Amino acid sequence: MYHVTGTLITISLLYLTSLFFQRSGIYSLFFHRMFWNSILALTFLFTAFAGIFMALATNFKWDSPFTGQLLYWHVEAGVAMGLTGLLHLIWHLSYFRGFLSKSATHNRKVSPLRREPFSVAANLFMVGFTSTAVQILLIRELMNITGGYELISGVFLASWLITSAAGAAIGGRSSLNDLRKINLLFAISPFISIVLLLTLSRLFLQTGEVPTFMAGMILTLVLLLPFCLISGFTFVRLIINAKEMNNFPPGRSFAIETTGGITAGLLLTLLTSGLLNTWELLLLILLLFLAYMTLSFYVDRKGPTFMTKLFFTVIISAAVISEPDILFRQFLLSSIHVTSTRDTPYGNITTGEYSGEESVWYNHILLSYPDDAIEREENIHFAMLQADNPETVLLISGKPESHIPEILKYGVRKITYVERDPYLAKNAETLNIETAAEIIVENSDAFRYIGKTKEVFDLIILLLPPPSTFSLNRYYTSEFFEDVKKRLSQGGVFMCSPGPNDYYLNRESVNLYSSIHNSLASGFGNVIPVAGNKLFFIASDKKISVAFSKLVSEKGIKNLYVNPGFLSDDLTEIKSAEIKALMDSGIRKNHSSHPVACFHFQSYNLSKDLSKKIPAIVLMVAAFLLPLPAVRRKNMLMYFSAASLAGFEIIVLLALQIAVGNMYQMTGLVIAILMAGLAAGAGIAFRWESVSRLKLIAFMLILYYLAAALATGAVTEIKSSFVAAALILISVLPPAFITGHIFRTLTGRSHATNPSGSTYSADLAGSALGFILLSGVAVPALGLRNSVILLSVFLFTGIIFAKK
């Protein structure tokens, strides 16, 4: 399927955004034309070479597996080239008409209305607050759309930073000093990103569809470009204006802006706990900045000030009361009629109707729907049929309204349902099921619950999604399976589903399932794969039977799907044996500190379309590694220290998940603590600070990371959750403080000419590398301890290549 309309609309929106920035004075007409001429040249070259290759392949009958996909990209690039060529023609129509146009450049400096230090400080604070708040809220929304796995979240953070770095680089060279215009552009830019998010999602994605990694990366880069470019540009221009007008050192400006980010992180940690929904918060914050900008730069009299405050109070109140999230969800989930939506600390829950039938969507993925007989019966009966007279069952996640009635067919005495999302757990408590069995709902993280409970169960059924993220990976580790074994009675049964049941298992899927199979086999005497609509692993120390039709008949269970009318025991046994034979005992077991299953799952995702795997990797390398040659030697230490700090942040978040459980709510707190360290390091002056001592300070940071690597295992195994969390959170402060100090020292050199833009750009570009490399590659492939050691290697590289 060719996305002709979508490609045309995307290129048009990007061009209009670029033209808007050029007309606003962000960059020159020369840069604008150079950028789009480069796009024209690249699309022309790709279209030409792809056309030549396909012509040769047709003439000489080459058997190439890439021809079909090359044709697809040939058409898409041709559409982009055609529209860009049309724009190029419009630029040069004057040549054909014979007219000569005169152009004038206006680099006139316009003084802001207010110059006092408080005004500049407030402006920096508001920019930092708004930028961080929009970042946190957009990443929540984008994770809903793209599946939420770490590689795409790393792409988001890296895209945010790399586009902000581009904006900072442009800001360092720009002559725009009109603070009113700069703040106006900053206020408008997030709305452009929101329009791009909604438009591209509607054009390229169907309801409930998770985009491929390639599509998710392009979507992320495109929608973040307007806001992040202006965000980086705004901060650098404010630093320069503050230094020129109020004698603010760049380090102090950085500290004030970072303080705004700290405030946003702490506030959103509270508000995203279920008090307000994502789109409500996003509109609230953007309208607050619009109100601040209007009052600070456009209204200067008492009367208009009061009316302006009243106007924005009414608008903000209306935005919150009107429940805008339903409107946005309806736009994103266009195939259903959205009736309600709610954001919880763990994701979005949306209820909708399709052809009169109600369905529940969790993070834009269909969770609950009527007539789900196949899914609910496989999820329950494959495991329940293994037990003789089961009395106690532990059900981890899943749909209680569908699954509990299936469990009750076995006359159990007690069912314990564990669900981490408070909203889903609350819904489970309100279920009206007539039964003599005791049903207990636990709103808890299953990883922690299994480790702490003293209860023993005859069956434990895990119905969580596959190990696509570091958080979900914990439920498929050797450590978790060991705890499960302790909570099972003699001959108890455990079942999980680590992924889909593909008709053909490629190398990547075999690696994924082997890592989990081997982890299970280390604790259980028998592990049998079962091929249903999903791939199931059933584990027990007793003999396991996959003759489900026979077992159903013997036990007298009445089912719609799991019965002799639909399942053939012979075929089921043959398929299970085939999959069992594919399991590779040489694949490393999955551990919390070494999440190889998460790495294999990401590889499996990329392998679904091999023709897009290489372009995705090339695009990722081009976007996040090519800025490195542009970093000046004097900023190399800043680049690699920022990369190390960003990587350490990823490791801290994973360590919190291992030590304390699922810590989504603490993400804002981690960001706030990290920014507090950066603000302190950038804002506090020391008599002994000098560029010559930076390498010595960097060596101290290397020693800190090495010590942290040695302590990683001991800290995550501390029994007290509070003590473990406190130590992990505090560990962020020293490297953040030192990194902030490096920024202050590099930007405070008296002999440097406007170093803030290039140094800040290097800071952001380095952070982008750290996020993408650690979240997508290093942690899954190397484990926690080795990844922390890798941060020391980053820093040592920065010391070697830094300017003497």
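At a glance:
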item: Heavy atoms of residue 297 accessible to a 1.4 Å probe, total area in Å² rounded to 10; result: 10
item: Using θ = phi - 60° and Karplus 6.51 cos²θ - 1.76 cosθ + 1.60, couplings along segment 788-794 (whole Hz; Gly, Pro as x); result: 5, 4, 4, 4, 5, 5, 3
item: Percent carbon-and-sulfur accessible area, segment 234-333, ignoring ligands, DNA and RNA, probe 1.4 Å; result: 70
item: Ranked packing of 253-264, 435-446, most packed first, by mean Cβ within 10 Å; result: 253-264, 435-446
item: Links that overshoot a 29 Å alpha carbon limit, given the list 426/575; 454/575; 414/550; 409/486; 426/550; result: 426/575; 454/575; 426/550
item: Accessible area, probe 1.4 Å, largest first, for residues 374, 730; result: 730, 374
item: Inter-label distance, nm, simple model (7 Å from Cα along the C-beta direction), residue 721/residue 543; result: 4.2
item: Nearest-10 value in Å² for the accessible area of residue 607, using the 1.4 Å probe; result: 10
item: Segment 124-225, accessible surface, carbon-and-sulfur percent (1.4 angstrom probe); result: 66
item: Segment 124-265 pair-distance distribution - Cα-Cα, 5 Å bins, rounded %; result: 2, 10, 19, 22, 18, 12, 8, 5, 3, 1, 0
item: Where labels lie 7 Å past Cα in the beta-carbon direction, separation of residue 409 and residue 504 in nm; result: 3.5
item: Largest to smallest accessible area among 773, 560, 746 [probe 1.4 Å]; result: 560, 773, 746
item: Cα-derived Rg over Rh, computed across segment 425-571 with Rh taken as Kirkwood radius; result: 0.97
item: Burial order of peptide ranges 216-226, 423-433, 162-172 (average beta-carbon count within 10 Å, highest first); result: 162-172, 216-226, 423-433
item: Zone of residue 308's modelled label, taken as backbone nitrogen in segment 256-270 under 12 Å from a point 7 Å along Cα→Cβ; result: none
item: Cα centroid separation, segment 401-416 to segment 294-329 (Å); result: 52
item: Amide H contacts under 5 Å for residue 340, placed H, 5+ residues apart; result: 351
item: Kirkwood estimate for segment 504-581, i.e. one over the average of 1/r between Cα atoms, Å; result: 13.6
item: Per-residue SASA entry for residue 789, accessible area with 1.4 Å probe, Å² rounded to 10; result: 70
item: Residues of type aspartates and glutamates that residue 543 reaches as a straight line, Cα spacing below 18 Å, ignoring anything fewer than 8 places off in the same chain; result: 388, 458, 554, 569, 570, 573
item: Longest to shortest principal axis, alpha-carbon extents of segment 423-503, angstrom; result: 38, 30, 28
item: Length gained when the stretch residue 685-residue 331 is fully extended (0.36 nm per residue, less Cα-Cα span); result: 122.4 nm
item: Candidate residues 495, 214, 34: accessible-area rank, largest first, probe 1.4 Å; result: 34, 214, 495
item: Segment 415-485 - accessible surface per residue (Å², probe 1.4 Å); result: 40
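The values are calculated or read from the model by the stated rules, or taken from the named source; none is laboratory data. No experiment lies behind these values; they were computed from the predicted model shown. No Cβ is skipped: glycine too gets one built from the backbone with ideal geometry, and neighbour counts run over all protein chains shown. Surface accessibility is based on the protein's heavy atoms, side chains included, excluding ligands, DNA and RNA. Shrake-Rupley method; radii C 1.70, N 1.55, O 1.52, S 1.80 Å.
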